[in-house]
Amino acid sequence: MANTWLARVMLAVALPLLITVPSVLAQDKVSGEAEILSEKVKWLVDRANITDLINRFAQSIDRHDASAYASLFTDDAVLELPFATISGRQNIASMKPVPAKNAGHHIASNYSISIDGATAVAQSYLQTTHVFDRQHPRSFEQAGGWYDYELRKTNNGWRFSKVKLSVVWESGDMMKETSAIPAS
């Protein structure tokens, strides 16, 4: 009889625990999974924003939009080109513009992006076609290589703190002769 009474007491105490503990553990698991999912979504959004920044970089060059181009950089940014290194967004903004008669088509691809909190490094391949006179669009030259980027997340979103262009190949000499250089 005592064993039956003790069994009933143990069952009365243990039954709520048996029901509650798995429920709490399941909530912890769901909460942990939600946190992991939230981090993955944040990473995907940051990656998409960095990819968009790289695309706007190429578009601003092709559209001859110096203001849009400069807005993609931090105030203390460094732009490292094969023919010049320009420091500071103001100096980048004051680079000698590409002549209006020129046309360009910059294609970025093969994005590699590594994000660490509010900083990131990235690389994209580059293939570009330059037409030096829109009146003669069949006369063009091409180049290929890649850009290495260092980025910082700012109040205005991701911005370049450093951009380095590495040219691997070129199809002519006009590319070097007409390169944009700092205006000052």
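When the pairs K42/K96; K40/K162; K40/K96 are compared against a 32 Å limit on Cα-Cα distance, K42/K96; K40/K96 fall above it. Once the chain from Q59 to A84 is taken as fully extended at 0.36 nm per residue, the excess over their C-alpha distance is 6.9 nm. When the Cα positions of P99, F140, V168 are compared along the charge dipole of region 64-184, P99 comes out farthest toward the positive end, with charges on each C-beta of Lys, Arg, Asp and Glu. Inter-label distance, W43 to Q142: 3.5 nm, where each label sits 7 Å from its Cα along the C-beta direction.
Readers should treat all values here as calculations from the given coordinates under stated rules, not as data from a laboratory. Quick caveat: nothing in here was measured; it's all calculated off a predicted structure. FYI the Cβ positions are ideal-geometry reconstructions off the backbone, even for glycines, and counts take in every protein chain you see.
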